[in-house]
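The values are calculated or read from the model by the stated rules, or taken from the named source; none is laboratory data. Predicted model only: the values in this text are computed from it and were never measured. Methodologically, a virtual Cβ is constructed for each residue, glycine included, from the backbone with ideal geometry; neighbour enumeration extends over all protein chains shown.
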Amino acid sequence: MATYLRQCLSYFFSAGFFSLFANTLYLTFPLYMMAIYDRVLSSASFSTLFVITGGALLALVTLGILELLRSRILVRLGVKLDSLIGRKVLDRMLKNASRPGTPTYQLGLMDMNVIRHYFAGNAIFAFFDVPWIPIYLGVIYLMHPILGYTAAGGAFVIFILGVIQHFLSHSDLEKSRLLGALEREWLGKCFRNAELLKAMGMVSNTARYWNRINDMEMDIQEKSGKKGQFVTALSMSFRVFMQVAIYCVGALLFIKNQVNMGSIIAASIVMGRALAPVQQGIGAWQQTATARLSYRRLDRLLKESQEIEERRMMDKFNGRLDVDAVTLKIADESIIENLSFSLEPGESLGLVGHNGAGKTSLCRMLLGTWNPTHGKILLDGQAVDTIDSESLGPFIGYLPQDVELFTGTVSENIARMGPIDSSAVIQASKMADAHREILRFSHGYETDIGEAGLSLSGGQRQRVGLARALYGTPSLVILDEPNSNLDDAGEMALLNALKRLKDQGTTVIMITHKMSLLSGVDKVLTLQKGSPPEFGSRDDFFKKALAD
């Protein structure tokens, strides 16, 4: 984050420059009051009154313009920072979401909004005004040293109250933020599965679960709020007390003929301005603490993103795959142990095994979304976890077990939501035997499939998903239960697609429970939890299956 903030230094310097003149002009009113008492009332001069008042009005208009410019600069600062880190934060969030054991709720985009709104709000002004506190206190000291000491003591007490508030609310604020993110994630899942919840009578149960999370969040916020409100009320009361104190001290000095009445009033006004940034900081402490936590999380996220950017780019991939002594453990449970096999470019592999044997987990490691606990997965001799995923993506085709499409047209989904190459879209559709089916849609390839492709049937989504996996003639295609929503004609089309992929030299890995689909592969890998993996030719697999 520090690197990106340095790119925004011009905005900070500009805001600080305007703050220099704005804080100087905030002395207009106390100086005006002193001039009224010292020059106008003593001389009863109308011309002096008009000149002083005109100058004060001009200064106040200039102050308003400077405050407006300062606010606009800080708003642009937030927009600039968003443009610098927005894409990187989203990329890192999506990559983190695919890791095993990573919470699905992510705070990255929320943290960006917090930082942007913080710069656009009033809380940030306190940091530009705090350096002026000693100057204001110095002005009061020039009026009389005892007045200066009184104001400085009040500023110190209010500062201590701000530090106390930080220690009282810091831990509660972090817990509340995490619970709030979890609550929003839970609601998102509920709304996405509203039909299921209603059909199975789960609405009340899910509502109770959400209510438990919400109650915990509210309890923490209430406790934190009570602490913060107490400190805020105490600081506000003390600030009023300081106004009384400065007048009391000023009155004593006036009785001793050490200050005049104008100095007392001016000292009170200047002290109020000196204490304002501290009081403002205390009032907006929760915003500041939230922005600080968001900054730290974004800093960690962007450092991870920088590590990803340092990975090697892949400009060519022939399709050779080597799995060398791979072991995967999740939460201390062994999913895959000491697995090794190799595939030459153009070879196909059938991946079989019982549920929970680690088939999908292996596919995720082959795709680079999960990292093995031990061992290596090599693509053309390069470890997949050292390759930049964006450069590798065009060479990879993946059809997950549960196909989800994105809001947009059929052609946009097949083209992976990138620039559309119409000929490549049609070629992939034909290879997936989806071309004729797509032409039956209301607008063909330009049909808007709606939210998550819900306007399509399961079989149609699977064929469009298969076409997306085959788009751009990838070198490695991984299919996870590609026939789960296909009829007999669809399975036959799938076998034809496997033959075409073999003819063009594409390496294919397919998870399936159907023996008929295994007739189209070269080798078979059997995963069994608690037993060593078995890897061999398709014919050897069938011979063993018939013998059993």
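Brief remarks follow.
- Screening the candidates 48, 3 for the property of being within 24 Å of residue 265 (Cα to Cα) and either of a type in the set (S, T, N, Q) or not in a loop (DSSP other than H, G, I, E, B) (or both) yields one hit, 48.
- When restricted to residues that are modelled with pLDDT of 80 or more and not in a helix (DSSP H, G or I), region 243-294 contains 5.
- Restricting the first member to region 425-451 and to residues that are touching a residue at least 60 places away in the same chain (Cβ under 8 Å), and the second to residues that are of a type in the set (Lys, Arg) and crowded, with 20+ Cβ neighbours inside 10 Å, the beta-carbon pairs closer than 6 Å and six or more apart or on different chains are 432/463.
- Where a residue in region 177-206 is surrounded by fewer than 16 Cβ atoms within 10 Å (Cβ to Cβ) and its partner, wherever it lies, is of a type in the set (Val, Ile, Thr), with Cβ under 8 Å and at least six apart: 185/104
- Qualifying residue in region 414-423 (condition: over 24 Å from residue 326 (Cβ atoms) and among the polar types (S, T, N, Q)): yes
- Exclusive hit being free of Cβ contacts under 8 Å to residues at least 24 places away in the same chain and either in a loop (DSSP other than H, G, I, E, B) or touching a strand residue (DSSP E or B) at 6+ places or on another chain (Cβ under 8 Å) (or both), set 338, 355: 355
- Verdict on residue 379 being in contact (Cβ under 8 Å) with a residue 12 or more places away in the chain and of a type outside the set (D, E, K, R): yes
- 2 or more residues closer than 15 Å to residue 396 by Cα and β-branched (Val, Ile, Thr): qualifying strands (runs of 3 or more DSSP E) within region 459-548: 476-480, 507-511
- Residue match in region 374-397 (condition: surrounded by 21 or more Cβ atoms within 10 Å (Cβ to Cβ) and assigned to a loop (DSSP other than H, G, I, E, B)): no
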